[in-house]
Each structure stands twice: as structure tokens, then as C-alpha cells.
Amino acid sequence: MGAGENVDSDNDSPDDLYQDAREVHKVYVDGFWMDKTEVTNAQFAKFVAATGYKTVAESDPDPKDFPEVPKDKLTPFSLVFKKPDGTVAFLWGPESYRQWWTAGHGASWKRPEGPGSNIVGMENYPAVHISYGDAGAFCKWAGKRLPTEAEWEFAARGGLDRKIYCWGDELKPDGKWMCNAWQGRFPNENTKEDGFEGIAPVAQFAANGYGLHDMAGNVWEWCADFYRPEYYLDSPAKNPQGPGSGFHPREERTQFRVMRGGSFLCSDNYCKRYIPAARREGEPKSTGNHIGFRCVKDAK
């Protein structure tokens, strides 16, 4: 596991994009089964029909989480990406993200772009606006679970060892994009060289060596582990389960979980995290139109 010093952040960020993954270390994981694709709208709809489950994005926000917002203004919402009207001068400013993320009131897995949108004809697209708890509830219903971070990276590499991408060391073999990511200058220009402006139906790109699709790009995927940036320094060598609690200096009171795989918004000039070594912290209740999941199951 890990990015190693030979993997360059390769973007304009003032910080090392892979600082929390630089410690290369050998890990053993027991055998397991993993879904070939991210959980789709059709699969999630069956779960909701069977259980009546209501996702975080469809539920009233907890006033404790938004003390600055009057209670009468708190309505269900989820983050929706919108291209900014103007050029963003500095992408890494503490408030820069507000120029491309909007609070989509009414946005959910059933309305991925907010009111007026729906998933008709999108049955084979990944279910999005999924929180960590939503993903866990689906897994429990399906008799599965979320992967550990180590399992996820092992699966994403598809049998390759210390390669940059899920398919090898070359970004575009034979000039062809191998995943749904952002081409051009994020967040204003997307050339759609990979064929997609936003999320894509699952399995539009070649599977990796283990027969798994979309382990790079498309939508972020939840892992079971708590997130800590320094975890690799002393993680167990066999079946690591993650630290006992989550932490990130940006929000010290939040119990972050691990997210993996990147999304359709990952660009080489901003967030090149569609490589298998890349890690990201996720607030467990956070949802957006670039967040989904896939399940695993113990071999035994």
C-alpha cells in the first residue's frame, strides 16, 4: 500500500496531494469478494422499496450540525457540483470550494441534480448522494459490508504491484482514457475527452485485472475505516482495520471515515486522486453527487 516517492502529485497544489499515503508498506488481506461495480440506482431502489429507508440527504439536518443556520431554514439538502460563472483564481483557498459546490435543497439519490431531475433512464448509473451510514444500511440489507481501506486498495490494483494507476504506469495507454475523470482545467473547462461530462453509467471502461470496473474515477467510494492522515506509520501488516477513531486537523471534532477512488471531478490540475494509492477523509454524514459506494463479502 502507499504512493511512494516516485508518484508525483502532478498538480498546482501548494501541498503534497499524497502526503497521507507516502509510507509504502506491505499488507496481507484475507480473500474476499467485491462487487464488480459501484452500487447502482436500480440496486439502491430495490433496497429502498424493500425497507422504506430514508437517506441522510432526504432527512432534516440535525440543528447541532448547523448551529449558524436558523432551525426554520434547515431543510434536506446535498452538495451538487456547478461550474463557476467566472475563473477561480486560487483553487486551494479555504473557501474556494464554495464557488463550485452548491447546497442542493431537495437533491438526493432520486434527484441527483436537485429538484426537477430524476433517475429515469439512469438505472445503471451509480447511486450518489450516499452517506457513510446510508452505505452501511444497504450493505447490511444485502448481507455484505463495506471494504476496509486495505481491501479496497488491494482490489483496485487488480494484481499489479506499485503501479501508478489501476491499469499500469501510463495514464492513457494507446491514447485512451481508462476512467471517468476530469479533463481540462478544473473547475471551468471540461473537454470530456473520456466521453463524459458528469458521472457515467457503471462499467463503461475496461475492468482491472480482478474484473472490477470503475475503481478509478466516476464516484468516490466509502470504506469502513476511520481516517487518520498518519495511520500508515504504524498500521498492522495483516488485515488492517483502520485506527480506532477518525481525525483530520481541518476539523478536529469530526470522526472522519476513509473514501477511495476519486470521482468524475478529479483533475490533474486539482485533485488527482483517481490513483489506487490516494486517500481522502470523508465526514460520515456528508453527501454529494460524486459520492457512492460498493460492497464486499467475506469469502467464507
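Within the listed set Gly246, Gly31, Gly198, the residue fluctuating most in the Gaussian network model of the chain (springs between alpha-carbon atoms under 10 angstrom) is Gly31. Hydrodynamic estimate: the Kirkwood radius of the range 28-156 over Cα pairs, inserted into Stokes-Einstein at 10 °C and 1.306 mPa s, corresponds to D of 93 µm²/s. Charge dipole of the range 172-300 (Cα centre as origin; +1 on each Lys and Arg Cβ, -1 on each Asp and Glu Cβ, all else neutral): 260 debye, rounded to the nearest 20. For the chain, modelled as a GNM whose springs connect Cα atoms under 10 angstrom apart, the maximal fluctuation among Glu23, Glu251, Glu281 occurs at Glu251.
Over the range 177-232, with the other protein chains present, what is the accessible area per residue in square angstrom, probe 1.4 angstrom? Mind showing how you got there, number by number?
Values: 1860 Å² over 56 residues.
Counting only protein heavy atoms, the per-residue value for the range 177-232 is 33 Å².
Could you list the residues of the range 196-228 with an amide nitrogen less than 19 Å from a label point located 7 Å from the Cα of Asp169 in the Cα-to-C-beta direction? Answer for this model: 209.
Pick from Ala207, Ala50, Ala224: which is most flexible by mean-square fluctuation in a GNM of the chain where alpha carbon atoms under 10 Å apart are linked? Highest fluctuation of the listed residues: Ala50. Simple point charges give the picture: +1 on the Cβ of Lys and Arg, -1 on the Cβ of Asp and Glu, and for the chain a dipole about the Cα centre of about 920 debye. The packing ranking of peptides 98-108, 166-176, highest mean first, is 98-108, 166-176, where packing means the average number of other beta carbon atoms within 10 angstrom of each residue. If a spin label sat at a point 7 angstrom from the Cα of Asn188 along the line to its beta carbon, no backbone N atom of the range 101-115 would be nearer than 12 Å.
So what is the accessible area of the range 256-300 per residue, in Å², with the probe set to 1.4 Å? In whole numbers, the range 256-300 has 25 Å² accessible per residue. Take each peptide in 148-158, 235-245, count the other Cβ atoms within 10 Å of every residue, and average; sorted highest first, the result is 148-158, 235-245. For the chain, the mean projected area of the C-alpha convex hull, equal to one quarter of the hull surface, is 15.7 nm². When the solvent-accessible area of the chain is split by element, carbon and sulfur atoms take up 51 percent of it, the probe being 1.4 Å.
On a per residue basis, the range 55-98 carries 69 Å² of accessible surface, using protein heavy atoms and a 1.4 Å probe.
Rounded to the nearest 20 debye, the dipole magnitude of the range 77-212 is 300 debye, with +1 charges on Lys and Arg beta carbons, -1 on Asp and Glu beta carbons, and the Cα centre as origin.
Per residue, the average separation of C-alpha pairs within less than 8 Å and at least 6 apart gives the chain a relative contact order of 27 percent. The count of lysine pairs in the range 1-138 with alpha-carbon distances below 30 Å, taking only pairs 8 or more places apart or on different chains, stands at 25.
The values are calculated or read from the model by the stated rules, or taken from the named source; none is laboratory data. On a predicted model such as this, the values are computed, not experimentally measured, just so you know. As a convention, Cβ positions derive from the backbone with ideal geometry for all residues, glycine included, and neighbour counts pool all protein chains shown. The protein model used for the area step is the full one, side chains on, heavy atoms only, and it has no ligands, DNA or RNA in it. Shrake-Rupley method; radii C 1.70, N 1.55, O 1.52, S 1.80 Å.
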